[in-house]
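Trainee: Following this message is one structure expressed as structure tokens.
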Amino acid sequence: MKLSGTSAIITGGASGLGAATAQALHGAGVKVALWDLNAEKGEALAKELGGIFCETNVTDEASVTASLEKSVEAHGTPSILVNCAGIAIGEKTIGKNGPHRLESFKKVIDINLTGTFNCIRLVTVEMEKGDPGEDGERGVIINTASVAAYEGQIGQAAYGASKGGIVGLTLPVARDLMNIGIRCNTIAPGIFWTPMMAGMDQKVQDALGAMVPFPKRLGKPEEYASLAMEICRNTMINGAVFRIDGAIRMQPR
């Protein structure tokens, strides 16, 4: 895909992996729409990048539809969707206070998995309206899973299930959309520096980084963004899931 002049939607785009990807896309001449619940950070970054911000609840059809209409009005038909919105709740199947709360399990699944698919299903309807480029391509979707999809740790039943679901939908969605020229791929990061990580003590961050075989550090959002950019550019990449984790294989805790 030729990026310059196209438009992109990035969920969770106000910070972390989403913000880094938005910055990289902007640098390649892409018009960016940031979808997030954090209006303060989202508005500031959108202004910096000459893009737009849409306060968006990815689990709500009306919210996503309204944000999509605003994005199309500002930038035209989107060619790129990057799904970075997500949360993590740590809770054991049976803990000190009894069984895993069903409401917290449902919340993680709703935001991480259902929210990702909600954006895919609605945005691709608009993507299909675009003029096909080389190879008949109309667009590309990049989802965000996690190595927890494969090696979920203690307390990650909900998170691992949500990210495993994203891995599982990647190929079926790519096949669903193949005849209209839309690709679907997923990135599964290891231990990356994100706003959630920023709340941890520096010693904890250093210890987590030391767990990575090589390089022995936390992943950088810019490294996620670099892979996302290559997926956008390389039309042959479709229906694939990419681990970006420094060769880590997570232990139980």
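Trainee: Looking only at region 7-26, filter to residues that are of a type in the set (Gly, Ala, Ser) and over 20 Å from Phe192 (Cβ atoms); which one of those is surrounded by the fewest Cβ atoms within 10 Å (Cβ to Cβ)?
Mentor: Ser7
Trainee: Return the total of residues in region 219-233 being without any contact (Cβ under 8 Å) to a residue 40 or more places away in the chain and over 17 Å from Gly12 (Cβ atoms).
Mentor: Number of matching residues: 1.
Condition check ((1) within 18 Å of Cys119 (Cα to Cα); (2) not charged (D, E, K, R)) across all residues:
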site: Gly29; (1), (2): no, yes
site: Val32; (1), (2): yes, yes
site: Leu37; (1), (2): yes, yes
site: Lys41; (1), (2): no, no
site: Leu49; (1), (2): no, yes
site: Val58; (1), (2): yes, yes
site: Thr65; (1), (2): yes, yes
site: Val72; (1), (2): yes, yes
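Trainee: Taking the residues in region 200-225 that are in contact with a helix residue (DSSP H, G or I) (Cβ under 7 Å, 6 or more places away or on another chain) and part of a helix (DSSP H, G or I) as candidates, determine which candidate is farthest from Ala174 (Cα to Cα).
Mentor: If we take residues in region 200-225 being in contact with a helix residue (DSSP H, G or I) (Cβ under 7 Å, 6 or more places away or on another chain) and part of a helix (DSSP H, G or I), then Gln205 is farthest from Ala174 (Cα to Cα).
Trainee: Under 7 Å between Cβ atoms, at least 6 apart or on separate chains: pull out the pairs that start in region 48-73 with a residue that is within 18 Å of Cys84 (Cα to Cα) and touching a residue at least 12 places away in the same chain (Cβ under 8 Å) and end on any residue that is among the hydroxyl-bearing types (Ser, Thr, Tyr) and in a helix (DSSP H, G or I).
Mentor: Pairs that qualify, where the first residue is within 18 Å of Cys84 (Cα to Cα) and touching a residue at least 12 places away in the same chain (Cβ under 8 Å) and the partner is among the hydroxyl-bearing types (Ser, Thr, Tyr) and in a helix (DSSP H, G or I), are Ile52/Ser71; Cys54/Ser67; Cys54/Ser71; Thr56/Ser63; Thr56/Ser67; Asn57/Ser63; Thr59/Thr114.
Trainee: Still on this structure, please answer the following. If you take just the helices (runs of 4 or more DSSP H) that sit entirely in region 57-140, which of them hold at least 1 residues that are over 22 Å from Leu37 (Cβ atoms)?
Mentor: Fully inside region 57-140 and qualifying: 102-108, 115-127.
Trainee: Would you check if Ile231 is under 14 Å from the mean Cα position of the chain (by Cα), in a helix (DSSP H, G or I) and either of a type in the set (Ser, Thr, Tyr) or buried (at least 18 other Cβ atoms within 10 Å of the Cβ) (or both)?
Mentor: yes
Trainee: So, of the residues in region 1-24 that are in a helix (DSSP H, G or I) and under 12 Å from Ile80 (Cβ atoms), which turns out to be farthest from the chain's Cα centre (by Cα)?
Mentor: Top of the filtered list is Ala24.
Trainee: Still on this structure, I have one more. Could you grab me the full set of residues in region 157-186 that are surrounded by fewer than 23 Cβ atoms within 10 Å (Cβ to Cβ), of a type outside the set (A, V, I, L, M) and touching a residue at least 24 places away in the same chain (Cβ under 8 Å)?
Mentor: Once the filter is applied, which keeps residues that are surrounded by fewer than 23 Cβ atoms within 10 Å (Cβ to Cβ), of a type outside the set (A, V, I, L, M) and touching a residue at least 24 places away in the same chain (Cβ under 8 Å), region 157-186 yields Gly165, Thr170, Arg175, Gly181.
Trainee: Next up: Within region 89-109, is even one residue without any contact (Cβ under 8 Å) to a residue 60 or more places away in the chain, surrounded by 17 or more Cβ atoms within 10 Å (Cβ to Cβ) and among the small types (Gly, Ala, Ser)?
Mentor: No, that holds for no residue.
Trainee: Go through (1) farther than 23 Å from Phe117 by Cβ; (2) of a type in the set (A, V, I, L, M); (3) in contact with a Lys or Arg (Cβ under 8 Å, 6 or more places away or on another chain) for Leu208 and report which single condition fails.
Mentor: (3)
Trainee: Now for a different question. Here are some conditions: (1) over 17 Å from Val30 (Cα atoms); (2) within 17 Å of the chain's Cα centre (by Cα). Asn83 meets all but one. Which one does it not meet?
Mentor: (1)
Trainee: Restricting the search to region 25-39, which residues are under 15 Å from Gly12 (Cβ atoms) and either in a helix (DSSP H, G or I) or among the β-branched types (Val, Ile, Thr) (or both)?
Mentor: Hits for region 25-39 are Leu25, Val32, Ala39.
Trainee: Still on this structure, please answer the following. Tell me which residues, restricted to region 148-198, are under 14 Å from the mean Cα position of the chain (by Cα), part of a strand (DSSP E or B) and of a type in the set (S, T, N, Q).
Mentor: If the condition is that a residue be under 14 Å from the mean Cα position of the chain (by Cα), part of a strand (DSSP E or B) and of a type in the set (S, T, N, Q), then Asn185, Thr186 are the ones that fit.
Quick note: the coordinates plus some simple rules give every number you see, no bench work behind them. Just so it is clear, the structure is predicted and the values come from calculations on it, not from any experiment. We place every Cβ from the backbone using ideal geometry, glycine too, and count neighbours over all the protein chains shown.
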